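The structure appears right after this line, and notes come after that.
Throughout, read-outs are computed from the coordinates displayed, never taken from laboratory work. Just so it is clear, the model here is predicted, and its values are computed rather than measured. Cβ: placed from backbone, ideal geometry, glycine included. Neighbour counts: every protein chain shown.
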Amino acid sequence: MNHLNWEELVQEFQGLVWSTVRRLVDNDADAADCFQETFVTAVETARRQPVRHMQGLLTRIATARAIDHVRFRIRQRQFKQTLSQQTATEAPPPGGNLEQGELAQALREALGTLSSQQAQAFCLKHLSGWTQRQIAVELQSSPSAVAVMIHRAKKQLQIVMHAHGHQSVGE
């Protein structure tokens with residue numbers, strides 16, 4: 001893609017990128033930031049090197065940006081809690097019930113404890129429905145290494161979720 005057209009790129013892949021980032025971050029404003037960062041990074045990448053699979057690149061970048069954003073929010077919240085010495089209570093998402101909102105927030109935070117590759121592999125597999133082979137190609141790894149990453153991610157998520165009083169992450 002030598003002459004990458006920003007408008008065409010966004011038009012073709014906006015639904016994919018939005019659904020990827022929105023699943024991981026907890027509000028539309030944060031998702032919009034990740035959405036824009038994803039496309040900017042993809043364009044910069046395409047200008048530096050040929051892109052074999054734009055959909056895969058965008059999904060991987062969107063996942064990484066969203067996870068980075070979740071990690072930033074976790075650090076920000078921890079800093080605020082340290083200053084105030086109070087535990088902030090999170091409101092459930094509009095239209096959702098309290099338990100689902102708390103569980104979704106706990107999962108987002110738990111994803112922030114994983115390594116970047118583990119979090120990407122887990123999200124691509126369980127949130128985007130990719131096969132291990134597709135993930136391996138995108139992460140430039142082997143299917144067996146991806147299987148190990150996903151297994152380790154599940155174990156870590158189970159530990160973190162259990163420590164926060166939530167049920168284990170399912171298979």
Under Karplus coefficients 6.51, -1.76 and 1.60, residue-wise ³J(HN,Hα) of the range 34-44 in Hz, glycine/proline x: 5, 4, 5, 4, 4, 5, 4, 5, 5, 5, 4
Per-residue ³J(HN,Hα) for the range 128-145, Karplus 6.51 cos²θ - 1.76 cosθ + 1.60, θ = phi - 60°, Hz, x for Gly and Pro: 9, x, 6, 7, 4, 5, 4, 5, 4, 4, 5, 8, 6, 9, 9, x, 5, 5
Sequence ranges 63-72, 153-162, 102-111, ranked by mean other-Cβ count within 10 angstrom, highest first: 63-72, 102-111, 153-162
